[in-house]
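*Asks:* Sharing a structure below in structure tokens format, with a few things to ask.
The values are calculated or read from the model by the stated rules, or taken from the named source; none is laboratory data. Keep in mind it's a predicted model, so treat the numbers as computed, not measured. Every residue, glycine among them, receives a Cβ derived from its backbone with ideal geometry; neighbour counts consider all protein chains shown. To get the accessible areas, we keep the full protein, side chains included, count just its heavy atoms, and leave off ligands, DNA and RNA. Shrake-Rupley method; radii C 1.70, N 1.55, O 1.52, S 1.80 Å.
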Amino acid sequence: MDAEAQESFRDFVAGRSSALLKTAVLLCGGDRHAAEDLLQNALVKAAGRWQRIDEPEAYVRRILYRQQISRWRLKWRRREITVAQPPEAGHTPDASGAAELRLLLRGALSRLTVRQRTVLVLRYFEDLPEAEVARVLGCSVGTVRSTTHRSLARLREIAPELAAVDRRPPQPSRDFSPVEVRP
């Protein structure tokens, strides 16, 4: 790699590594160390082909997805994350509610299979259409749809607290007249 390509690669890593690491963390179920390894391996592979890459971020993301697919195709035993007590169901959110929600979601994602987690990350975090997810994962659109459906059902089963979260913005009222409330 010549000096100009090295500089270009360094700029890319400095500018995009945090966004790529977020994707890798989600793909690895919240395991930051595994995500760092996944991203490092992807960047090493990209560095070897850097001068021939047209869209570097898309290329590195595809490497991340494919490496993660390779990991879940291996016959390794999945490590389980254990906790002392399950989360409290009736806890009232306070200023740390968003952090609690992130922790709850991260824990729930880590309990999904790698395939389920990968499909959800591609569909909802990366916001890819089903056809693109199918192309990246090398499967049919129907497989993506069924895996998405089963993954969301499993998330609802693992963390029913997530179903109570309404992420839609409040809708403005079209009726400005006072409302009379009767007991």
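*Asks:* Looking at (1) modelled with pLDDT of 90 or more; (2) surrounded by fewer than 17 Cβ atoms within 10 Å (Cβ to Cβ); (3) more than 26 Å from Val119 (Cβ to Cβ), which is the only condition Met1 fails?
*Replies:* (1)
*Asks:* Have a look at Ala42, Ala19, Ala34, Ala24 and point out the one that is over 22 Å from Ala108 (Cα atoms), assigned to a helix (DSSP H, G or I) and of a type in the set (Gly, Ala, Ser).
*Replies:* Answer to the selection: Ala42.
*Asks:* I want to confirm something. Restricting to the range 142-179 and keeping residues that are at pLDDT below 50 and small (Gly, Ala, Ser), which single residue is farthest from the chain's Cα centre (by Cα)?
*Replies:* Ser177
*Asks:* Ok, one more. Considering the range 23-42 alone, what residues qualify as being surrounded by fewer than 17 Cβ atoms within 10 Å (Cβ to Cβ) and under 24 Å from Gln6 (Cα atoms)?
*Replies:* Glu36, Asp37, Gln40, Asn41
*Asks:* Identify, please: which residue in the range 68-124 is within 21 Å of Val136 (Cα to Cα) and open to solvent by 100 Å² or more (accessible area, probe 1.4 Å) and is, among those, modelled with the lowest pLDDT?
*Replies:* So, considering only residues that are within 21 Å of Val136 (Cα to Cα) and open to solvent by 100 Å² or more (accessible area, probe 1.4 Å), the one modelled with the lowest pLDDT is Arg73.
Conditions (1) farther than 12 Å from Gly29 by Cβ; (2) of a type in the set (Val, Ile, Thr); (3) assigned to a loop (DSSP other than H, G, I, E, B), marked per residue:
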| position | (1), (2), (3) |
| --- | --- |
| Leu104 | yes, no, no |
| Gly107 | no, no, no |
| Arg135 | yes, no, no |
| Thr143 | yes, yes, no |
| Ser151 | yes, no, no |
| Arg156 | yes, no, no |
| Glu161 | yes, no, no |
